Amino acid sequence: MNAVTALSNKSELFERIKTNPRLPLMLGGAALAAAIAVGVLWSRAPDYKVLYSNLSERDGGAVIASLQQMNVPYKFAEGGGAVMVPSEKVHETRLRLASQGLPKSGTTGMELMDTQKFGISQFAEQVNYQRGLEGELARSIESIAAVQSARVHLAIPKPTLFVRDRQNPTASVVLQLYPGRAIDDGQVAAIGHLVSSSVPELTPKSISIVDQHGNLLSGSGTNERMLDAGQIKYVQALERNYAQRVEAILAPILGQDNVKAQVTADVDFSIVEHTDESFKPNQDPTRAAIRSQQSSESSQQGAAPVGGVPGALSNQPPAPATAPIATAQPPRPGQPNQPGQQPGQQGQQAQPGQAQAGASATAQTGPSSSRHDATTNYELDRTVRHVQQAPGGVKRLSVAVVVNYRQKAGANGKIVSEALPAAQLAQIENLTKEAMGFSADRGDSLNVVNSPFTADTDIKPELPLWKQPEMIALAKTGAGYLLLALLALFVWFKVARPVLRKYTAPPLPPPQEKTDSNEAILLPPEEPANPEVLRLAAKYESDLALVRDAAQRDPRLVASVIKNWMSSDDR
């Protein structure tokens, strides 16, 4: 009985709802009011901004505990990797957390030297200084846009007085780059020079730079004789520049598409230092400048020179010298005069007194010797030249130029190809030499070839319309929109439309009295048959048959139900 009563109550409520035409408007208004309320609440929600990101677990827990103590609302973002607070409290919260020393895992710099304890050892002070220097270098490297974080390790040996025991310092840098970013060789070299300039006697070659993936970015571990990326780019740019110059000077004559040039440059990147010291040949002594002059003179007179075999016999005094008396003979007729006589002069006989006087003079003076030495030093011309050759000089150029055949109209009106004359090829070769700066002493080579250019035989046949990639992409897009449209139609016809008909259907007309139990309910002939009305009528008939069956099986139950209805109506 209770079940039948509840069923009847639900049926009455359902019928009342269906008979109310304002129900859809009420439901729509309620939904609109709920949407407006949600929008207002969402607009009043605070705008959150990142307070700290990439915090460690220890620092994250300490920051969250401090935010809870300060009653600052927070939430997580980026999968828990960032802590966000309201935008108007970001700066205030950072300052308050910084006063508490949070976060603690940040890079520590020279502020370590501010908290030195009294009586600290020299070793501990040196360690703190090295830690502070590493932190300051890491902060400087992190200021680069592509670097998210950095760690610097310095290996500074102890100073020593012995030269043979001295060691140069080394350094290692680990870079954590932002996702999707990279640094070029110039930035890597800049980081190396930054670290080497901060540590005494540290060279860029002694610095190893590694990224977060373990890739060696610096060139300390590679062969120094190999070309680096900068040198390769320089060679490529140089070759491209020469090729463009050749094509630019030949294009007005032959056409833009009728000449192709390729250049191979042999570039010397070695640094050469040359020292030359040259002297000019001997010059005129009368015009030369005297640097120094030295002369010595010695003479000896009146002493017999020492001679003979060394020994007792040679040390004896010499015997007195005697001069023989010679008588001059008169010349014979026709005999020439003696040497020293004038023509016509006759020789005179030497007197005995004169000969004796000469012999005595010779005996008194004895033999004499003299020596004179002179040394003169002149200034010499000296030229000292120190030449340092910069790297990047061109050692040799090899240029290859291909020129297309000349196109002209034939006898039948068709375009035919014709080779260029030798004079024009020689002109092209001369222009190319001038454009490339040809030098026979340098060993440059040039090759100009006149050959017909082959047409592009790899022309793909035209695809049909339904096989073209653009049409396939358009068909995929249209299929997606069509699928959405079909889904919308299915929802409308199978879900939305039946629900709307169910709640907006007009009430059923009151049932007409039957004259016969087997007579069916007939609709007015002027009204068309409505499937929904027919369905409701069939349901009504089935419910009525169910009630009739229940009344026949248990009349008392039906009587009690009717009695309860009557008593409820009386109340």
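Cross-linked pairs K260/K414; K395/K433; K205/K395: Cα-Cα separations exceed 21 Å for K260/K414; K205/K395. Could you tell me which of rounded, prolate or oblate describes region 113-226, using a ≥ b ≥ c as the square roots of the eigenvalues of the alpha-carbon gyration tensor, with rounded for a/c under 1.5 and, failing that, prolate when a/b is larger than b/c and oblate otherwise? Verdict is oblate for region 113-226. Taking 0.36 nm per residue of separation and subtracting the Cα-Cα distance, full extension of the segment from V402 to Q231 would add 58.7 nm.
Put a dot 7 Å past the Cα of S292, heading toward its Cβ, do the same for A248, and the two dots end up 6.4 nm apart.
Ordered by solvent-accessible area of protein heavy atoms (1.4 Å probe), largest first, the residues L55, L67 come out as L55, L67. At the residue level, F493 shows approximately 100 square angstrom of accessible surface with a 1.4 angstrom probe and all protein chains present. A 1.4 Å probe run over region 41-187, with the rest of the protein chains in place, finds 69 Å² accessible per residue.
For the residue pairs K49/K75; K117/K158; K49/K89, the C-alpha atoms sit more than 20 angstrom apart in K117/K158. Calculated FRET efficiency, D47 to L465, Cβ-Cβ distance, R0 = 51 Å: about 0.45 to the nearest 0.05.
Looking at region 69-215 alone, DSSP beta bridges between its own residues are antiparallel in about 75 percent of cases. Remark: accessible surface ordering of R291, R553 (largest first) is R553, R291, probe radius 1.4 Å. Taking a ≥ b ≥ c as the square roots of the eigenvalues of the alpha-carbon gyration tensor, region 75-148 is classed prolate because a/c is 1.5 or more and a/b outweighs b/c. The Cα atoms of region 378-494 give a gyration tensor whose axes a ≥ b ≥ c have a/c of 1.5 or more with a/b no greater than b/c, which makes the shape oblate.
The values are calculated or read from the model by the stated rules, or taken from the named source; none is laboratory data. All of these numbers come straight from a predicted model, not from anything done at the bench. Heads up, the Cβs are rebuilt from the backbone with ideal geometry, glycines too, and the neighbour counts pull from every protein chain shown. Surface accessibility is based on the protein's heavy atoms, side chains included, excluding ligands, DNA and RNA. Shrake-Rupley method; radii C 1.70, N 1.55, O 1.52, S 1.80 Å.
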